[in-house]
1. Looking only at the stretch 56-79, count how many residues are touching a residue at least 24 places away in the same chain (Cβ under 8 Å) and either surrounded by fewer than 22 Cβ atoms within 10 Å (Cβ to Cβ) or among the basic types (Lys, Arg) (or both).
2. Evaluate the following for residue 209: is it crowded, with 16+ Cβ neighbours inside 10 Å, more than 15 Å from the ligand (Cβ to nearest atom) and either among the charged types (D, E, K, R) or in contact (Cβ under 8 Å) with a residue 60 or more places away in the chain (or both)?
3. On the basis of being of a type in the set (D, E, K, R), at pLDDT 95 or above and touching a strand residue (DSSP E or B) at 6+ places or on another chain (Cβ under 9 Å), does residue 35 make the cut?
4. Test residue 144 against the criterion of being closer than 18 Å to residue 208 by Cβ, touching a residue at least 60 places away in the same chain (Cβ under 8 Å) and either out of contact with any helix residue (DSSP H, G or I) (no Cβ under 8 Å at 6 or more places or on another chain) or of a type in the set (D, E, K, R) (or both), and give yes or no.
5. In the stretch 172-202, what count of residues is obtained for those that are without any contact (Cβ under 8 Å) to a residue 40 or more places away in the chain, more than 10 Å from the ligand (Cβ to nearest atom) and touching a strand residue (DSSP E or B) at 6+ places or on another chain (Cβ under 7 Å)?
6. State all residues of the stretch 22-48 that are more than 17 Å from residue 149 (Cβ to Cβ) and more than 13 Å from the ligand (Cβ to nearest atom); if no residue qualifies, say none.
7. If a residue must be more than 14 Å from the ligand (Cβ to nearest atom) and closer than 20 Å to residue 100 by Cβ, how many such residues does the stretch 1-21 contain?
8. Could you check, for the stretch 52-61, whether at least one of its residues is in contact with a His (Cβ under 8 Å, 6 or more places away or on another chain) and closer than 23 Å to residue 26 by Cα?
Amino acid sequence: MADTSTVKMLEGKALTIREQLLRLCNHVPIHIGGDMSVCDVMTVIWQYAMKYDPQNPKMEERDRFILSKGHAAAVTSLNQALLGCYDMQDIFNEYATNYGRFGMHSCNLINPHVEVSTGSLGHGLPVAAGIAQALKLKGNTTSRVYVVMGDGEQAEGSIWEAALSAPQFKLGNLVGVIDRNRCSLMGYTEERMPMDDLAEKWRAFRWNVIEIDGHDMNQLIDTFDNLPDPTSDVPTLIICDTEKGHGVSFMANNPDWHMGNITEETLNKALAEVQDAYKAKWGEE
Ligand SMILES: Cc1ncc(C[n+]2csc(CCOP(=O)(O)OP(=O)(O)O)c2C)c(N)n1
């Protein structure tokens, strides 16, 4: 069980990132729905679990992070800013400009804190598996490779080739996360391309599968605290049950808010909703 001060500290950081996401969404169009759903697990990865030095992004002993659902670049960049990789304001100044380090999809040619450029769905896991195998071959026994995927993304065939091979190569240093928000770009996953029981599918591919509430900080911390050792033989998949657009009533579970821009007036309403929800949660404790 995670201690209450750590839970509160990470919830506070997740609130800051949600607020910044909404402000950024007022500034430029971003993939707000999938940023809000994956926000809590991304906060735990970046602000708690990852071994990463913002001053030395190529440190050999670092954990690697690959955003396979590459359109969630905003929540990644904001997390990195909170960790000290850049100033928060840099993101607002440079996002989606021709000269900037930040965009709808992250690019490692212009941003040293991006391990792998992504955006074309289905590539993150195969690349992550390759990196995990390379780390093992180099004798690295402490680093993990985290890869965050979408549930709509599970329709890409390349994911399943990598899923099949990772247990064969005993990649216990590989940790997959699925943001199971049940929405894709054009509608609900179960209507567009049913995923049914994703846990059963991944278990059949011989992964260590963990299912949690992806908005419950306690469960998230507990899961990352108790990951198998990187030297173990079986890759882990964490399926996070989440809600697209989580925290804002008109965005929640609404595929229309896959991507978008909000007005100043809507921003203020959305901020109030998000802040009130955290106040209510903390007031109950
Ligand atoms: C290969 C490829 N096909 C299509 C797209 C267009 N696309 C961008 S996001 C998206 C939906 C992804 O859904 P999901 O993985 O569930 O992401 P989330 O709902 O969490 O944002 C699609 C189809 C793409 N980026 N790459």
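1. We begin by selecting, within the stretch 56-79, every residue touching a residue at least 24 places away in the same chain (Cβ under 8 Å); these are 57-58, 60-79.
If we keep only those that are either surrounded by fewer than 22 Cβ atoms within 10 Å (Cβ to Cβ) or among the basic types (Lys, Arg) (or both) as well, we get 57-58, 60-64, 69.
Selection size over the stretch 56-79: 8.
2. Numbers: crowded, with 16+ Cβ neighbours inside 10 Å: yes; more than 15 Å from the ligand (Cβ to nearest atom): yes; either among the charged types (D, E, K, R) or in contact (Cβ under 8 Å) with a residue 60 or more places away in the chain (or both): no.
Against the criterion (crowded, with 16+ Cβ neighbours inside 10 Å, more than 15 Å from the ligand (Cβ to nearest atom) and either among the charged types (D, E, K, R) or in contact (Cβ under 8 Å) with a residue 60 or more places away in the chain (or both)), residue 209 does not qualify.
3. On the way: of a type in the set (D, E, K, R): yes; at pLDDT 95 or above: yes; touching a strand residue (DSSP E or B) at 6+ places or on another chain (Cβ under 9 Å): no.
The answer is no for residue 35.
4. Numbers: closer than 18 Å to residue 208 by Cβ: yes; touching a residue at least 60 places away in the same chain (Cβ under 8 Å): yes; either out of contact with any helix residue (DSSP H, G or I) (no Cβ under 8 Å at 6 or more places or on another chain) or of a type in the set (D, E, K, R) (or both): yes.
Answer is yes for this residue.
5. 1
6. Correct list: 22, 23, 24, 25, 26, 27, 28, 29, 43, 47, 48.
7. Applying the first criterion (more than 14 Å from the ligand (Cβ to nearest atom)) to the stretch 1-21 yields 1-20.
Narrowing the set further to residues that are closer than 20 Å to residue 100 by Cβ leaves 17, 20.
The total comes to 2.
8. The initial filter retains those residues of the stretch 52-61 that are in contact with a His (Cβ under 8 Å, 6 or more places away or on another chain), namely 54, 57.
Filter once more, keeping what is closer than 23 Å to residue 26 by Cα: none.
No, the stretch 52-61 contains no residue that is in contact with a His (Cβ under 8 Å, 6 or more places away or on another chain) and closer than 23 Å to residue 26 by Cα.
The values are calculated or read from the model by the stated rules, or taken from the named source; none is laboratory data. Just so we're clear, the structure is a prediction, and the values are computed from it rather than from any experiment. Every residue, glycine among them, receives a Cβ derived from its backbone with ideal geometry; neighbour counts consider all protein chains shown.
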